[in-house]
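Notes for the one structure printed next.
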Amino acid sequence: MNDLWRGLSEAVRLIVSLDAALIEIVLRSLQVTVSAVLIASLIGLPLGALIAVNRFRFRRATIALLNALMGLPPVVVGLIVYILLSRSGPFGVLGLLFTPTAMIIAQVIIITPLIASIAHQAIRDLWAEYHDLLISLNTTKRQRMATLIWDSRRSLLTASLAGFGRAIGEVGAIMIVGGNIDHVTRVLTTAIALETGKGDFGLALGLGFILIALAIVINLTIHTISQTERGGRW
Amino acid sequence: MVSDLLPVTAKGAVVRKGGKTILGPIDLAISGKGTTIVMGPNGSGKTTLLRLLHGLDRARDGSVSWNGAREDAHAAQAFIFQTPKMMRRSVLDNIAYPLRVRGASRKQARIKAEDWATRIGLGDALNRDAQALSGGERQKLALARALVTEPAILFLDEPTTNLDGGSTREIEDILSQALDTGTRLIMATHDIGQARRLADEVIFIHRGTMSAHQRATAFFEAPASQSAAAYLRGDIVE
Ligand SMILES: Nc1ncnc2c1ncn2[C@@H]1O[C@H](COP(=O)(O)OP(=O)(O)OP(=O)(O)O)[C@@H](O)[C@H]1O
Ligand SMILES: [Mg+2]
């Protein structure tokens with residue numbers, strides 16, 4: 001209990017004093033995660049729509065694979081990305097290991113299946129609803145996909161937010177590929193792991209509370225923005 | 001332009017679903033101007049016949065052919081579903097959608113859509129969410145969305161079921177205006193009075209087969225099948 005209180009007061013102290021180190025790692029957390037969510041959404045949302053609307057040979061297998069990939073252990077993803085990016089690996093020449101870019105790559109791999117899978121479900125349901133109408137109206141495949149994506153945009157936003165939630169709290173993969181280097185690749189989660197390892201539970205917890213608050217604030221903000229756009233229907 | 005697409009001909013056309021034959025074999029040709037009314041008891045296959053002609057259901061055996069390429073024929077048609085399908089958009093954007101699909105600019109499409117919404121009696125509901133409309137309002141929206149593209153052939157699957165007397169009249173007026181501009185109507189209905197008012201010819205479907213296809217005057221005087229006669233008398237036809 002004592003540790004929890006110390007954590008809370010530590011969090012308050014860090015925020016009130018606008019601690020420079022804190023601001024730096026919060027911003028880096030956001031930079032890495034938001035980039036990863038944007039890239040993963042650009043891949044995952046159309047992918048989900050494509051699988052929902054098109055009949056192709058390995059469709060069922062693709063869906064099964066996607067669902068399996070949702071449960072990828074981040075540590076393993078981190079390990080594989082590490083090997084690929086390490087000096088002797090195939091992409092070693094790019095020199096990306098222990099950079100924020102490497103962390104973004106790992107996170108994209110972790111959350112793209114999640115975003116694609118939720119998007120697929122949402123768009124499949126809407127497609128069942130719209131199917132006859134869109135066929136009757138002589139829409140092209142492209143038009144169908146665009147219509148379905150646009151009309152299910154609220155569910156797709158939820159898909160992206162789920163990806164955000166998973167990415168912002170992830171530590172295993174980015175610890176491996178980022179290395180938790182101060183001023184370079186240290187983010188909230190890796191800092192928490194570090195402070196916990198050092199036994200500074202107060203600071204670790206403080207950072208933890210800030211992480212949770214950050215996730216809540218971002219979710220609320222985005223929901224509020226999209227709500228006003230829809231006139232608060234849902 | 002109607003004469004370009006008609007006649008539509010079904011030759012031994014059969015529709016199967018869920019492992020059983022639900023329609024056919026149907027042999028039929030629809031041509032000329034005016035209104036074809038499709039009648040028959042619940043579950044007889046009216047919806048299936050309309051869907052077959054429009055191309056939403058495929059003939060498992062036999063064929064359906066339009067005078068010209070299937071794609072061209074399909075593009076000149078509109079279909080009003082028995083349960084209207086509302087997109088998750090405003091009333092205005094629902095009606096504008098078919099125009100947008102055909103390449104009209106957003107502005108153009110909206111101007112035309114607003115015009116149709118007003119004609120159909122939804123002028124006050126332009127910015128409302130279509131999915132929050134009542135059953136009757138949905139049917140009106142579906143009619144506006146179908147007519148906005150000025151289709152050569154319009155399929156209507158019981159378009160006035162949820163409407164009160166006044167709204168039914170309004171819609172029948174709009175349909176006769178569409179007829180005047182050359183639109184060909186093919187419409188399923190349960191309403192015998194409506195059939196008498198609108199029909200130029202009647203198709204009667206019973207248990208998945210067509211038991212009568214006659215000019216309207218002939219049909220209502222002397223229907224070509226016993227099931228049709230019983231149906232017109234108000235007997236229970238199964
Ligand atoms: N997907 C399907 N699978 C199995 N049976 C079907 C399917 N769709 C329709 N049917 C059956 O085909 C028959 C004809 O259906 P249809 O909808 O054409 O009837 P209808 O004449 O339009 O009836 P209603 O007046 O109730 O609208 C019905 O018995 C129906 O249960
Ligand atoms: Mg029906």
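Quick notes on this one:
- Axial C-alpha extent at least 18 Å, average Kyte-Doolittle at least 0.0 - helices from chain A (DSSP): A:2-16, A:20-53, A:100-136, A:153-168, A:201-230
- Computed over chain A, the per-residue total of -39500 (n - 2.57) for DSSP H runs of n ≥ 4 gives a 222 nm mean residue ellipticity of -27000 deg cm²/dmol, rounded to 500.
- Contact order for chain A, expressed relative to its length and based on alpha carbon pairs under 8 Å spaced 6+ residues apart, stands at 32 percent.
- Average other protein chain Cβ within 10 Å of Cβ, residues B:54-63: 1
- Residue by residue along B:84-97, Cβ atoms of other protein chains within 10 Å of the local Cβ number 3 on average.
- Across the accessible surface of chain B, with the other protein chains kept in place and a 1.4 Å probe, carbon and sulfur atoms take up 46 percent.
- For segment A:21-91, trypsin sites (Lys or Arg not before Pro) meeting the loop criterion (DSSP other than H, G, I, E, B) and having at most 15 other Cβ atoms within 10 Å: A:Arg55, A:Arg57, A:Arg87.
- Segment A:2-231: translational diffusion in µm²/s, Stokes-Einstein, Kirkwood Rh over Cα pairs, 20 °C, 1.002 mPa s: 111
- Only DSSP H runs of four or more residues enter the estimate; each adds -39500 (n - 2.57), and after division by the residues of chain B the mean residue ellipticity at 222 nm equals -11500 deg cm²/dmol.
- Candidates B:Gly166, B:Gly68, B:Gly208, ranked by Gaussian network fluctuation over chain B, Cα under 10 Å, top entry: B:Gly166
- For chain B, the solvent-accessible area of protein heavy atoms averages 44 Å² per residue (probe radius 1.4 Å; ligands and nucleic acids excluded).
- Selected from A:Gln31, A:Gln143, A:Gln107 as most flexible by GNM, with chain A as the system and alpha-carbon contacts under 10 Å: A:Gln143
- Residues of segment A:144-187 buried by at least 30 Å² on assembly (accessible area, 1.4 Å probe, chain alone as reference): A:Thr147, A:Asp151
- Take every DSSP beta bridge whose two residues both sit in the protein assembly as shown; close to 50 percent of them are antiparallel.
- Chains A and B together, accessible area buried on both sides, 1.4 angstrom probe, square angstrom: 1800
- Residues in segment A:2-231 average 50 Å² of solvent-accessible surface per residue, probe 1.4 Å, ligands and nucleic acids excluded.
- Equivalent ellipsoid dimensions for the protein assembly as shown as semi-axes, Å, which come from the Cα gyration tensor, largest first: 61, 24, 18
- To put it simply, the accessible area of segment A:136-213 at a 1.4 Å probe is 66 percent carbon and sulfur.
- For B:Thr83, the solvent-accessible surface computed with a 1.4 Å probe is close to 100 Å², ligands and nucleic acids excluded.
- When each of A:Lys141/B:Lys140; B:Lys20/B:Lys46; B:Lys17/B:Lys140; A:Lys141/B:Lys17; A:Lys141/B:Lys85 is checked by Cα-Cα distance, pairs over 21 Å: A:Lys141/B:Lys140; B:Lys17/B:Lys140; A:Lys141/B:Lys17
The values are calculated or read from the model by the stated rules, or taken from the named source; none is laboratory data. All values reported here derive from a predicted model rather than from experimental measurement. With ideal geometry, Cβ positions are generated from the backbone for all residues, glycine too; neighbour counts draw on all protein chains shown. For the accessible areas, the whole protein counts, side chains as well, though only heavy atoms, and no ligand, DNA or RNA atoms are used. Shrake-Rupley method; radii C 1.70, N 1.55, O 1.52, S 1.80 Å.
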